[in-house]
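Chemist: Supplied in structure tokens, the structure appears directly below.
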Amino acid sequence: MNSAILLATAPLAALLLPVVSDQPSSVLAGAVEDVISGPAAGQVRIERRVIIRVAPGTSDRRQPVPRRLVQQPAGDCVPVAAIGGVEPTRDNRLLLFMRDRRVLTAALTDGCSAEHFYAGFYMENSADGQLCVRRDHVHARDGSDCQLTSLQQLVTVSR
């Protein structure tokens, strides 16, 4: 019997050969055992995927929003563990409520709607634990997939 065919059908062959073969079963059993116990794999690959969920902001996390706010650049990345909640806005941005009581706005790429993120968002954990502009994707529960284009911090301005 061709060894390539035997290799491809070894489990099936182990069950059927003693029934359909007219050769002694010890010869066939030895051939099947040689194929099964062949060379061991030289490489094993284990992958692990961590998905992070950021829940919508709740009333106890929200702060009263002062009347006069301005936006200031907040850099390109923010630690995911520092995000306490998220809420979509009418101007197609996400409000990120930070655990240190700051509020950031995150602009989304064209074609993305902030409405889809009413239930928060999911993202894959990055090696540095950061959510970065133009690098990471945020996923809504309805399947929307968007990138952030900018992060701004909302700062109170005294009158």
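The values are calculated or read from the model by the stated rules, or taken from the named source; none is laboratory data. Here the structure is a predicted model, which means the values were calculated and not measured. With ideal geometry, Cβ positions are generated from the backbone for all residues, glycine too; neighbour counts draw on all protein chains shown. In case anyone asks, the SASA skips ligands and DNA or RNA and just uses the protein heavy atoms, side chains included. Shrake-Rupley method; radii C 1.70, N 1.55, O 1.52, S 1.80 Å.
Chemist: Can you tell me how many residues within region 131-143 are over 13 Å from the mean Cα position of the chain (by Cα) and surrounded by 14 or more Cβ atoms within 10 Å (Cβ to Cβ)?
Modeler: Final tally of qualifying residues: 2.
Chemist: Any idea how many residues of region 68-90 are open to solvent by 60 Å² or more (accessible area, probe 1.4 Å) and either more than 18 Å from residue 155 (Cα to Cα) or at pLDDT below 70 (or both)? Walk me through it before giving the result.
Modeler: Looking only at region 68-90, we keep the residues that are open to solvent by 60 Å² or more (accessible area, probe 1.4 Å), and these are 68, 71-73, 76, 81, 90.
Cutting the leftovers down to either more than 18 Å from residue 155 (Cα to Cα) or at pLDDT below 70 (or both) gives us 81, 90.
Counting residues in region 68-90 that are open to solvent by 60 Å² or more (accessible area, probe 1.4 Å) and either more than 18 Å from residue 155 (Cα to Cα) or at pLDDT below 70 (or both) gives 2.
Chemist: Looking at region 102-113, I want the residues that are at negative phi and have a partner that is basic (Lys, Arg) with Cβ atoms under 9 Å, at least 6 apart or on another chain. Which pairs are those?
Modeler: 103/62; 105/93; 106/93; 107/93; 108/93; 109/134
Chemist: If you don't mind, another one. Residues in region 92-105 that are touching a helix residue (DSSP H, G or I) at 6+ places or on another chain (Cβ under 8 Å) and more than 13 Å from residue 71 (Cα to Cα): how many? Walk me through how you get there before you give the answer.
Modeler: Restricting attention to region 92-105, the residues satisfying the condition of being touching a helix residue (DSSP H, G or I) at 6+ places or on another chain (Cβ under 8 Å) are 92-94, 98-100.
Imposing the further condition that a residue be more than 13 Å from residue 71 (Cα to Cα) reduces the set to 92, 94, 98-100.
Of the residues in that region, 5 qualify.
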